[in-house]
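The values are calculated or read from the model by the stated rules, or taken from the named source; none is laboratory data. Note that this is a predicted model, so its numbers are computed, not measured. Ideal geometry is used to build each Cβ from the backbone, glycine not excepted, and the neighbour counts take in all protein chains shown.
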C-alpha cells in the first residue's frame, strides 16, 4: 500500500514501513451501541424438549427490550451453511463446529446468539465453550423426560426411530449426554412463560442485560 | 408438544393439531429497530487492492451513524469457520460458498455484512448474488492496477508468487475475472476518504441508509 495515501487513524506502520489496516469497530463499541452484552445462549436437550420454541420465545422478549438477537436452528443452518453435511458422526461433529464458529462471529458482531440444537455430546458442547471466553457461553439444558418428548413428537421422529427407520436417534439408539455444569437447567415440562422468565432473570443477574434496558 | 401448554402468540396448530413454534422476530423487525436496511457489501479485487482497508473504513463510518455492521475477511474466517479448507479450486469454492451463507444469516440478523475477499471468479460471486434477494447484494469492485498492487504488496505475496513460491496466485498465475455489472466500481488508487464517501453516498441513494440517520 502506498505510504501516506490512506490517511486512516486505524492504520499503523509495521517494521517495514508498510501501511496496514486494522478494524476500528470492535465488539466493545458494538456492545456500547446496543446497550447490552453479546453472549451465546446454547440450548441443548432431546428432540422435542422445546429448545427451538424456548429460544424463539426468549428472543421475542429480548427484541422487545431492543436487544440484537439471532436464533440458529436446523431450519436456517442445515439448508444453508451446513447443507453439504449428512448425519454421520463426523458430519454431526463438523455441523456443531461450524455452528460454534458462526456463533463466535455473531457475538463479535454484538448480537446475542441463541442456538437450538440437540448437541448430545458433552465433548462438542465443551469445544464451543472453550472456543469463546468463559463469560460468553451460557449452556441451557432443556430438561424434559423422554416420555414427554415422545408424547409431543410433532414431526413423528420418535415414532420413526422406534420403528427403526431412523438410525442413531438421540435418546433411542444414540446417547444424550446430560450437561454436568450447565449455567441453567430449565424444566421444559413447565409452562413456556415460566421457562422464559427464568432465563430473562438470569440474563439480568449475569449483567448481559442492564436493569435500565 | 403438549397441546395448550405453550401459550405463545407465535404458535399455530398444524393439520395434525400439533402445536408448532415460529420465529416472531423477523428481519423486518430488526431493520426497524436498527433504523437501516441490512445488505451485503461484497468487496472484490486483486490482492492489495485495498478491499479490507476500504471495508473497515466504511464500517467505521457506518458505526458512527449507529449502524450494525460486521466485516468478514481472511483473518476471522480462514482461522475459524473455514479452517478445514485449503487453497485447492474446490476448497476455494467452498470457502466462498460458506462466506455467502454466513453473510445471508448476518443480513437476516439485521446487520450490514461487509466481505473482503479476492473472490476472483464471476461464477462464485454470482452464486452469492443469487443466494439472496436482488436488493441485498451490492458488489463493489475495488479496481486497482496490478502494477500498483505489486508495488504495495504489504505481505510480500506478489514477490513470492513471482518467485514461484505461491501457486495459482490471482493476477500472476491465476485469473481475476472482473465484475461485468457491479453495483459500484471504486478506483482504489484514489485516496481512501474519496472511496469511502462514494460508497456512503451510494448507500443513501439506494435507501440502505436514511437521510435522517
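Would you be able to say whether some residue in region A:162-169 is in a loop (DSSP other than H, G, I, E, B), modelled with pLDDT under 95 and in contact with a helix residue (DSSP H, G or I) (Cβ under 6 Å, 6 or more places away or on another chain)?
Within region A:162-169, one or more residues are in a loop (DSSP other than H, G, I, E, B), modelled with pLDDT under 95 and in contact with a helix residue (DSSP H, G or I) (Cβ under 6 Å, 6 or more places away or on another chain).
Being at pLDDT below 95, part of a loop (DSSP other than H, G, I, E, B) and crowded, with 18+ Cβ neighbours inside 10 Å, is that true of even one residue in region B:192-212?
No; the residues of region B:192-212 include none that is at pLDDT below 95, part of a loop (DSSP other than H, G, I, E, B) and crowded, with 18+ Cβ neighbours inside 10 Å.
Sort out which residues of region B:103-129 are facing chain A (nearest Cβ under 8 Å) and within 21 Å of residue B:142 (Cβ to Cβ), and write them in order of number.
Within region B:103-129, the first condition is being facing chain A (nearest Cβ under 8 Å), and the residues that meet it are B:104-106, B:108-111.
Within region B:103-129, B:106 is the sole residue that qualifies.
Just checking, does region A:180-188 include any residue being out of contact with any helix residue (DSSP H, G or I) (no Cβ under 8 Å at 6 or more places or on another chain), more than 14 Å from chain B (Cβ to nearest Cβ), assigned to a helix (DSSP H, G or I) and farther than 24 Å from residue B:106 by Cβ?
No, region A:180-188 contains no residue that is out of contact with any helix residue (DSSP H, G or I) (no Cβ under 8 Å at 6 or more places or on another chain), more than 14 Å from chain B (Cβ to nearest Cβ), assigned to a helix (DSSP H, G or I) and farther than 24 Å from residue B:106 by Cβ.
Mind checking which residues of region B:44-74 are touching a helix residue (DSSP H, G or I) at 6+ places or on another chain (Cβ under 9 Å), within 11 Å of another protein chain (Cβ to nearest Cβ), in a helix (DSSP H, G or I) and under 27 Å from residue B:27 (Cα atoms)?
Across region B:44-74, the qualifying residues are B:52, B:54, B:57, B:58, B:60, B:61, B:62, B:63.
What are the pairs with Cβ atoms under 7 angstrom where one residue, in region B:141-165, is at positive phi and the other, located anywhere, is in a loop (DSSP other than H, G, I, E, B)? Sequence gap at least six, or different chains.
B:153/B:48
Quick check on this structure: which one of B:128, B:99 is free of Cβ contacts under 8 Å to residues at least 40 places away in the same chain, buried (at least 21 other Cβ atoms within 10 Å of the Cβ) and under 23 Å from residue B:79 (Cβ atoms)?
Checking each option against the conditions leaves just B:99.
For region A:144-172, give me the residue count where each residue is farther than 23 Å from residue A:87 by Cβ and exposed (fewer than 15 other Cβ atoms within 10 Å of the Cβ).
Within region A:144-172, residues that are farther than 23 Å from residue A:87 by Cβ and exposed (fewer than 15 other Cβ atoms within 10 Å of the Cβ) number 3.
Please state which of the following conditions residue B:118 fails to meet, knowing it meets all the rest: (1) surrounded by fewer than 21 Cβ atoms within 10 Å (Cβ to Cβ); (2) farther than 23 Å from residue B:209 by Cβ; (3) in contact with a strand residue (DSSP E or B) (Cβ under 6 Å, 6 or more places away or on another chain).
Going through the list (1) surrounded by fewer than 21 Cβ atoms within 10 Å (Cβ to Cβ); (2) farther than 23 Å from residue B:209 by Cβ; (3) in contact with a strand residue (DSSP E or B) (Cβ under 6 Å, 6 or more places away or on another chain), residue B:118 breaks only (1).
Where residues in region B:12-43 are assigned to a loop (DSSP other than H, G, I, E, B), at the interface with chain A (Cβ under 8 Å from one of its Cβ atoms) and surrounded by 21 or more Cβ atoms within 10 Å (Cβ to Cβ), which of them is modelled with the lowest pLDDT?
Only one residue fits best here, namely B:21.
Just to be sure, is residue B:141 surrounded by fewer than 18 Cβ atoms within 10 Å (Cβ to Cβ), in contact with a strand residue (DSSP E or B) (Cβ under 8 Å, 6 or more places away or on another chain) and not in a loop (DSSP other than H, G, I, E, B)?
So residue B:141 fails the test.
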